[in-house]
Amino acid sequence: MTQGLLYVISAPSGAGKTSLVSALCAGAPDLAVSVSHTTRPQRPGEMPGQDYWFVDKAEFEKMIANEAFLEYARVFDNYYGTAKTTVEEVLASGRDAVLEIDWQGARQVRRLMPACVSVFILPPSRQALEQRLRTRQQDSEAVIARRMEAAISEMSHYAEYDYLIVNDDFNLALNQLRAIVQTQRLTVQRQAPRLGRLIADLLG
């Protein structure tokens, strides 16, 4: 069985990363979103095990001590991390895994798994990004200001990624993301094991 491929997708908060990844993986059994652990409070409508695994700080720090994470970071006074076993199980099954993580986590993952494919998603403008944050109606003005500062810092790391997508037109951005996945699946490295019998017959 061909090993799955790991995709690392990052974006500033409000750029539409989660919506794009959800649409990418919808109805695609060969793609699985890796559910991260976090210590931040659960938001209305979020489901444990679907959006995040919600744990307290003590449990998260115990997992750090046990080297259970492929990557982890502290963002806005909360921890976020990806368990190694979560990713390894998906890849071993032959499916591709998708990680939604920030630039700090992406840098850690690239160091441990350099074969991963990384994508950064940009908003069409600062104004559009701020408007999206305000539309959530979940954060105070102070928090929105902090998120905008963090977004600018996050976007400054775009050049560390393999691909860059601007999420202005959602359907266009989604099609571009799908094109990246399809392109990676057509490389000789991934196609040759699948087409072994055909190649043997053609060359025999």
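Using 0.36 nm times the number of residues separating Ala159 and Arg185, minus their current alpha carbon distance, what extension gain do you get?
Result: 7.0 nm gained on full extension.
What lysines does Lys17 reach when the alpha-carbon gap must be under 25 Å and sequence neighbours fewer than 8 apart in one chain are set aside?
Lys84
Can you list which of the DSSP-assigned H helices in the chain have a Cα extent of 20 Å or more along the long axis and an average Kyte-Doolittle score of at least 1.0?
Values: long enough: 141-155 (21 Å, 0.26); 170-185 (23 Å, -0.04).
None pass (Cα extent of 20 Å or more, hydropathy at least 1.0).
Using per-residue counts of other Cβ atoms within 10 Å, averaged over each peptide, order 93-105, 51-63, 71-83 from highest down.
Numbers: 93-105: 20.3, 51-63: 14.6, 71-83: 18.3.
Top of the packing list down: 93-105, 71-83, 51-63.
Using only Cα atoms, what is the ratio of the radius of gyration of the stretch 10-131 to 2.2 N^0.38 Å?
Cα Rg divided by the expected 2.2 N^0.38 Å: 1.07.
Dimensions of the stretch 126-204 along principal axes (Cα, Å, largest first)?
Dimensions of the stretch 126-204 along the principal axes of its Cα atoms: 68, 25, 18 Å.
Relative contact order of the chain, please, whole-number percent, based on alpha carbon pairs below 8 angstrom and at least 6 residues apart.
Once divided by the residue count of the chain, the mean separation gives 30 percent.
Each reported figure results from applying straightforward, stated rules to the coordinates on display, with no laboratory input. Here the structure is a predicted model, which means the values were calculated and not measured. When we count neighbours, we look across all protein chains shown, and the Cβ atoms used for this are built from the backbone with ideal geometry, even at glycine.
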